[in-house]
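K.L.:
Below: one structure in C-alpha cells.
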Amino acid sequence: MKKEEKTALVAQIAQNLGRASIAVISEYKGIKAGESDDLRRRLRAVQGEFRVAKNTLVRLAIKDTKFEALEPNLGGAVGLLLSYADPVELAKTISSLREFGERFKVRGGVLDGKPLTAAEISALAALPPREVIFAQLLGLLQAPATRLARLLNEPGSALARLLDAASKKQSESGSDDGAAVEAG
C-alpha cells in the first residue's frame, strides 16, 4: 500500500470515528468471506460498519479523538466496528454473532469517550430498546404529578363521600318517620 493510500485510509477512518457513537475492537480469525459479508450486512442494518485495517493505521486515526482509549485493545488480527446510530443496537448485533464462536471475540470498545470491556458491551446489549427506556422514564416523571393530583383531590372526595352518606342516612331516617306516622 502506498503512502498516499495509507494517509487517505487514516483520514477516512478518522472521519468515520468522528461520526460514530460507539467503536468496538474485535478479534477475527478464520472468518470466511460469506460470513464476513453476513457480518457487514447485519451491521449495516443497524447503521454500523466493520473495518479491517492495520493496527498502526488505526492508532494514527484514533490519536487525539474520544476513541483514543481503544489503543490498548489493538494488536493482532482485529477489526473495528463502528455505529453511527444507537450504540445499544450495535451491542445487540454483536452479541447475536455467537455462531462465530472463538473466531469473533470482542476485546473492548469506547462509548462517549469511556472505555468499555467486553462484559460491559454485553451488558449494554441486555438493555431494553431506546423507546422502552424513554417510556419508563416518562412514567417515572409522571408518577409524582399523579400522586400530587390524587393528594389534592382527596379532601374534596372525602367531603363528597361524607355528604353522600349523610344524605342517604337522612333519606332513610325520613322514610322511617313517614312509615311510623301512617301506622299511628
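The values are calculated or read from the model by the stated rules, or taken from the named source; none is laboratory data. Just so it is clear, the structure is predicted and the values come from calculations on it, not from any experiment. Reconstructed Cβ throughout: ideal geometry from the backbone, glycine too, with neighbour counts over all protein chains shown.
K.L.:
Output the residues belonging to segment 59-75 that are within 24 Å of the chain's Cα centre (by Cα) and not in a helix (DSSP H, G or I).
P.N.:
Residues of segment 59-75 within 24 Å of the chain's Cα centre (by Cα): 65-70, 73.
Selection gives 65, 66, 67.
Matching residues to (1) among the charged types (D, E, K, R); (2) in contact (Cβ under 8 Å) with a residue 60 or more places away in the chain; (3) within 20 Å of residue 112 (Cβ to Cβ):
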| site | (1), (2), (3) |
| --- | --- |
| 5 | yes, no, no |
| 22 | no, yes, yes |
| 36 | no, no, no |
| 40 | yes, no, no |
| 50 | no, no, no |
| 58 | no, no, yes |
| 67 | no, no, yes |
| 83 | no, yes, yes |
| 86 | yes, yes, yes |
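K.L.:
Still on this structure, please answer the following. Kindly evaluate residue 18 against the criterion of being of a type outside the set (Ser, Thr, Tyr), more than 18 Å from the chain's Cα centre (by Cα) and in a helix (DSSP H, G or I). Don't jump to the end; show me each part of the working.
P.N.:
Details: of a type outside the set (Ser, Thr, Tyr): yes; more than 18 Å from the chain's Cα centre (by Cα): yes; in a helix (DSSP H, G or I): yes.
The answer is yes for residue 18.
K.L.:
Given the criteria within 24 Å of residue 125 (Cβ to Cβ), surrounded by 16 or more Cβ atoms within 10 Å (Cβ to Cβ) and modelled with pLDDT of 85 or more, does residue 62 qualify?
P.N.:
Working: within 24 Å of residue 125 (Cβ to Cβ): yes; surrounded by 16 or more Cβ atoms within 10 Å (Cβ to Cβ): yes; modelled with pLDDT of 85 or more: no.
Against the criterion (within 24 Å of residue 125 (Cβ to Cβ), surrounded by 16 or more Cβ atoms within 10 Å (Cβ to Cβ) and modelled with pLDDT of 85 or more), residue 62 does not qualify.
K.L.:
Sticking with this structure for a sec: Return yes when residue 59 is among the basic types (Lys, Arg) and in the same structural domain as residue 37 (by TED's automatic domain parsing) and no when it is not. Break it down stepwise before answering.
P.N.:
Working: among the basic types (Lys, Arg): yes; in the same structural domain as residue 37 (by TED's automatic domain parsing): yes.
Answer is yes for this residue.
K.L.:
Something else about it: Looking only at segment 44-58, which residues are in a helix (DSSP H, G or I) and either among the aliphatic types (A, V, I, L, M) or modelled with pLDDT of 85 or more (or both)? Show your work before the answer.
P.N.:
Within segment 44-58, the first condition is being in a helix (DSSP H, G or I), and the residues that meet it are 44-45, 55-58.
Scanning segment 44-58 gives 44, 45, 56, 57, 58.
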